[in-house]
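The values are calculated or read from the model by the stated rules, or taken from the named source; none is laboratory data. The structure displayed is predicted, hence computed values, not measured ones. In this analysis, Cβ positions are derived from the backbone assuming ideal geometry, glycine residues included, and neighbour counts consider all displayed protein chains.
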Amino acid sequence: MAKKAKNKKQKSLEETLWDSADKLRGSVEPSEYKHVVLSLIFLKFASEKFEHRQQELIDDGKKKYVEMVEFYTMKNVFYLPTKSRWSYIKKHAKQDDIAVKLDTALSTIEKNNKALKGALPDNYFSRLGLEASKLAALIDTINNIHTLKDKEQDIVGRIYEYFLRKFAIKEGKSKGEFYTPKSIVNLIAEIIEPYKGKIYDPCCGSGGMFVQSMKFVESHQGNQKNISIYGQEYTKTTYKLAKMNLAIRGIAANLGDYAANTFSDDRHSDVKADYIMANPPFNQKDWRASDELTDDARWAGYDVPPVSNANYGWILHMASKLSTNGVAGFILANGALSGGGEEYKIRRKMIENDLVEAIIVLPRDMFYTTDISVTLWILNKNKKKRKAKLNGVSKDYRDRTGEVLFVDLRRWGSEYEKKFIEIVPEDITKIATNFHNWQQNGHNKSYKNIPEYCYSASLEELKANDYSLVPSKYIEFIDRDGDIDFDKEMKQIQKTFKTILTDEVESQTELRNAFKGLGYEV
């Protein structure tokens, strides 16, 4: 009887496309070919949106307007001249000058759409010198993607996010800084609830914080028009990634006119944000010269952050950007919780100013660029009793002045890709609910300190621990060894080892005697 063929697991659209794109390896580095792939995906998506809008105009009897830019921009659609359309690229994909045609297409789109200024690669395909056959094969694969097939599924956004994650993994340490794992971004969004107002990210990478913020608004029946987005990115290529990522999703954002250093060239110096979401570079060294920024207004009232580590430079920068009721959620390495010197003085002053609302230690292996455990900080300019409305529901906040919530998530998380950890949606809901219960405890009485998970510490307790923000100094840990007599156990272990060694010596003696009886010296 013939064996039944095993059903192979069908590859997802993302996996198929990744396999095709991965064939570019050897021709260019992963850090380079992400721009190739994502630019082509953008071009395909923009073309299909354009063609869909063009057909709408024809169906409405407005054929004479099909080449007028304003009739596309009014519907948040990019206008594409003939030689920038996917149909033109596909038709000429097998030609030797396809790289030049792609560069021309992207350049022309940018010139015709102000929102894309500085977003698209400049003469990128020509400079890379890719083999025309490999580029043609990739165009063929992308041609099979129907980007508008299922509006509810956000196909292009899904592919874009998948590729950003895969590229971050592929590039390894220090190369994947343009992407913050989705579960971390989701956790920040669910905790600080960026529902209405200005959202700011001083080191926005590829714009993932903004994407998830908008998804949060949508999932809570909010209105994207009530959100204004401000961001800044230092690396030029990552700045372009962010602009493309947001453009693909129709998200309007002010990322400044160009890529720039947030400390030395703050592109949003006058912005006061209602919400800040960020993942600054960890333990950044030599971020300023010793004589630079010493009188900067961002550290007013605090010591100047040390040159040796930018962690507290980022903290004070974000604190200075918060509005009267502003809330910030950002990731830092754990060392910032208890550093000495200027960091200690700044941290002490922040605690005394009642700026720190929560400290949440995350599991290890959540990042593609480091395996260390990191911390989510929550800063809040207004921890006093107040009322707010989210999703049409009024929320009463307890006066939490003089208190900090500590949460330990090191034992949480689920494994994926065989070596990374993520916090799954149902756990994010539990964590965020616990945080909001703590904020509203005077109203619903549902928050409780839980050993090995969370603890609400008073200012007096923080002072007693010399202003340390290390959660293990506050959260109760159960002594599971309390009933064990360690002296007795150690004596038993020593006795067991002694018996083993004695038996071993006796066995060796017997073996030597046996050989001697046979006339051999051992």
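Among the numbered criteria (1) at pLDDT 95 or above; (2) closer than 18 Å to A358 by Cα, which single criterion is violated by G313? It fails just one condition, (2).
Output the number of the condition that K198 fails; it satisfies all remaining conditions of (1) of a type in the set (D, E, K, R); (2) modelled with pLDDT of 85 or more; (3) buried (at least 21 other Cβ atoms within 10 Å of the Cβ); (4) not in a helix (DSSP H, G or I). K198 satisfies all of (1) of a type in the set (D, E, K, R); (2) modelled with pLDDT of 85 or more; (3) buried (at least 21 other Cβ atoms within 10 Å of the Cβ); (4) not in a helix (DSSP H, G or I) except (3). Looking across the range 232-267, the residues that are in contact with a Gly (Cβ under 7 Å, 6 or more places away or on another chain) and closer than 18 Å to L322 by Cβ come down to Q232, F263, R267. Report yes if S31 is under 23 Å from T238 (Cα atoms), polar (S, T, N, Q) and modelled with pLDDT of 80 or more, otherwise no. Spelling it out, it is not the case that S31 is under 23 Å from T238 (Cα atoms), polar (S, T, N, Q) and modelled with pLDDT of 80 or more. Of the residues examined, G157 is not one that is within 18 Å of Y33 (Cβ to Cβ) and either in the same structural domain as F282 (by TED's automatic domain parsing) or modelled with pLDDT under 90 (or both).
Screening the range 371-463 for strands (runs of 3 or more DSSP E) wholly inside it with 3 or more residues that are crowded, with 16+ Cβ neighbours inside 10 Å and modelled with pLDDT of 90 or more returns the ranges 374-380, 403-408, 454-458. Report whether or not K236 is within 19 Å of the chain's Cα centre (by Cα), within 27 Å of M74 (Cβ to Cβ) and either at pLDDT below 95 or not assigned by TED's automatic domain parsing to the domain that holds P280 (or both). It is false that K236 is within 19 Å of the chain's Cα centre (by Cα), within 27 Å of M74 (Cβ to Cβ) and either at pLDDT below 95 or not assigned by TED's automatic domain parsing to the domain that holds P280 (or both). The residues on offer are N279, N283, and the sole one that is assigned by TED's automatic domain parsing to the domain that holds Y239, buried (at least 22 other Cβ atoms within 10 Å of the Cβ), under 24 Å from the mean Cα position of the chain (by Cα) and closer than 21 Å to I188 by Cβ is N279.
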